[in-house]
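Beneath this line is the structure, given in structure tokens, with notes to follow.
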Amino acid sequence: MLEASLFTSFFLIFTGAALLATIALFSRQPLLVAYIALGALLGPYGVGAIDNVELMSEMSHVGIIFLLFLLGLDMQPQALMSVLRKALVVGTISSIVFLAMGYLVGKAFGFSEAECWIIGAAMMFSSTIIGIKLLPTTVLHHKHLGEMMVGLLLLQDFIAILCLMILISGGGDALNLRQLSAAVGALPLLCIGAWLLVQYLLLPLLSRFDRFHEYVFLVAIGWCMGMAELAEVIGLSKEIGAFIAGISLATSPISQYIALNLKPLRDFFLVLFFFSLGAQFNLGMLPEIIVPALVTAALVLVIKPVTYRFLLGHQSERPLLAWDIGFRLGQISEFSLLIAYLATTSNLIGSEASHLIQATAIITFLISSYIVVFNFPNPIAIKESLRRD
């Protein structure tokens with residue numbers, strides 16, 4: 001019964017996604033819109049054709065893990081430190097600005113003190129999936145815009161993971177500083193352990209059996225998943241573990257072969273991610289949160305690009321590049337949804353605040369995708385002049 005249910009779910013998701021994606025392309029709409037709309041249509045708050053959204057959501061999380069693993073594969077460690085140094089000032093100041101913006105919005109609409117801080121925290125981050133997915137590969141790996149984007153997103157990821165660690169260690173009671181400190185202290189040990197395993201175990205094995213493509217594929221997936229699981233066990237997150245797994249292999253000759261072969265698998269799970277995003281939103285909550293969600297989303301879509309334009313301009317970046325980065329990062333993040341989920345399960349925020357964050361995420365994901373797809377170079381642009389792979 002479970003197998004039939006899972007197969008039926010996959011049939012509905014991917015056949016429906018193919019149909020809606022075709023309509024989206026003919027009507028010149030971003031594909032992400034089709035996936036989210038399909039989730040809202042088929043999910044438990046739509047027609048209810050797929051009710052096991054939790055399973056789909058957990059599976060889709062694998063797509064984010066693969067995305068960060070592939071990102072790590074393309075990042076040389078020396079280049080990573082250089083990128084983070086360049087993004088440190090802009091990333092830190094912008095995060096403070098967005099935290100204050102979310103906090104003040106929460107205050108304006110009468111949320112509790114804890115809810116205001118968590119709404120503010122959710123506003124700090126931009127979507128790694130949308131930011132990287134809509135960035136041409138040549139720009140991502142070979143141009144200054146790609147370096148700054150990656151640096152800002154990585155810095156935000158570290159801040160987001162710190163916020164998640166605080167929520168997890170604090171629960172509904174006092175913050176567990178001992179657990180938090182242990183997790184932070186475990187990060188360099190995880191990096192060193194990954195480097196040693198790659199140098200003295202993985203690379204010798206891959207060099208010896210590299211003609212067996214299936215073996216290389218299995219080792220790459222096993223390494224990614226193993227590091228992700230280990231990172232979670234020691235108090236970090238699966239995302240950080242997957243990223244470290246990628247970086248540890250980045251200097252090996254086989255890294256680009258692995259990256260190329262894992263991209264279809266990543267895209268499979270990312271379709272599930274955007275589907276589950278639409279499916280988990282309770283449409284019945286709309287009357288209560290639609291006004292604050294629209295106000296919050298409007299502020300995010302306006303203040304984020306302006307903030308990045310101002311901060312990057314003061315670092316002598318060209319205005320065109322500063323606006324480009326600002327609009328590409330002009331949404332909130334999948335980490336924001338995870339923060340909302342953890343805060344809800346810890347009884348730190350109520351259902352209304354959680355749905356405000358979810359609605360803001362969906363609105364900003366959609367509108368930000370439209371802005372980028374129709375105005376900046378990207379792999380899925382409708383205009384031929386903007387399409388870059």
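To the nearest 0.05, what FRET efficiency results for F374 and A100 with a Förster distance of 30 Å applied to their C-beta separation?
0.50
Extending each Cα 7 Å along its Cβ direction at E214 and E232, get the distance between those two points in nm, one decimal.
My value for the distance between the label points is 2.8 nm.
Among V33, V372, V47, which one shows the highest mean-square fluctuation when the chain is modelled as a Gaussian network with alpha-carbon springs under 10 Å?
Its mean-square fluctuation being the largest, the pick is V47.
Treat the count of other C-beta atoms within 10 Å as a stand-in for reagent exposure and order T8, T360 from fewest to most. Intermediate values should be presented prior to the final figure.
Values: T8 12, T360 31.
The fewest-first ordering by Cβ neighbours comes to T8, T360.
Measuring from label point to label point, each 7 Å out along Cα→Cβ, what is the L55 to T15 span in nm?
Placing both labels 7 Å beyond Cα along the Cβ direction yields 1.8 nm.
Would you list which lysines come within 25 Å of K304, measuring only between C-alpha atoms, while excluding same-chain residues fewer than 8 positions from it?
K86, K107, K133, K143
Rg/Rh for segment 336-381 to two decimals, with Rh computed the Kirkwood way over all alpha-carbon pairs.
On the way: Rg = 14.4 Å, Rh = 11.9 Å.
That ratio equals 1.21.
Residue by residue, what Karplus-based ³J(HN,Hα) values in Hz, rounded to whole numbers, does segment 240-256 have, using 6.51, -1.76 and 1.60 with θ = phi - 60° and x for Gly and Pro?
4, x, 5, 5, 4, 4, x, 4, 5, 9, 4, 7, 7, x, 8, 4, 5
What's the exposure ranking of L154, L205, going from fewest to most Cβ atoms within 10 Å? Write down the numbers at each step before the final one.
Details: L154 21, L205 12.
Sorted ascending by nearby Cβ count, the order is L205, L154.
For the pair N261 and Q199, what calculated FRET efficiency results from E = 1/(1 + (r/R0)^6), where r is the Cβ-Cβ distance and R0 = 22 Å, to the nearest 0.05? Don't skip to the answer; put the middle values down first.
Working: r = 22 Å, r/R0 = 1.01.
About 0.50, to the nearest 0.05.
Explain nothing, just compute: Karplus ³J(HN,Hα) = 6.51 cos²θ - 1.76 cosθ + 1.60, θ = phi - 60°, for every residue of segment 201-218 in order, whole Hz, x for Gly and Pro.
3J(HN,Hα) across segment 201-218, in whole Hz: 10, 5, 4, x, 5, 5, 5, 6, 10, 5, 6, 8, 4, 4, 5, 4, 4, 5.
Could you check the spin-label model distance between I192 and F158? Points 7 Å from the Cα along Cα→Cβ, value in nm.
It works out to 1.8 nm between the two label points.
Once phi is turned into ³J(HN,Hα) by the Karplus curve 6.51 cos²θ - 1.76 cosθ + 1.60 with θ = phi - 60°, what whole-Hz value does each residue of segment 47-56 show in order, with x for glycine and proline?
Couplings: 7, x, 5, 10, 9, 8, 5, 4, 5, 4 Hz.
None of the figures in this text is laboratory data; all of them are computed from the coordinates on show. From a predicted model like this one, the values you see are computed outputs, not experimental measurements. Cβ atoms come from the backbone with ideal geometry, glycine included; neighbour counts cover every protein chain shown.
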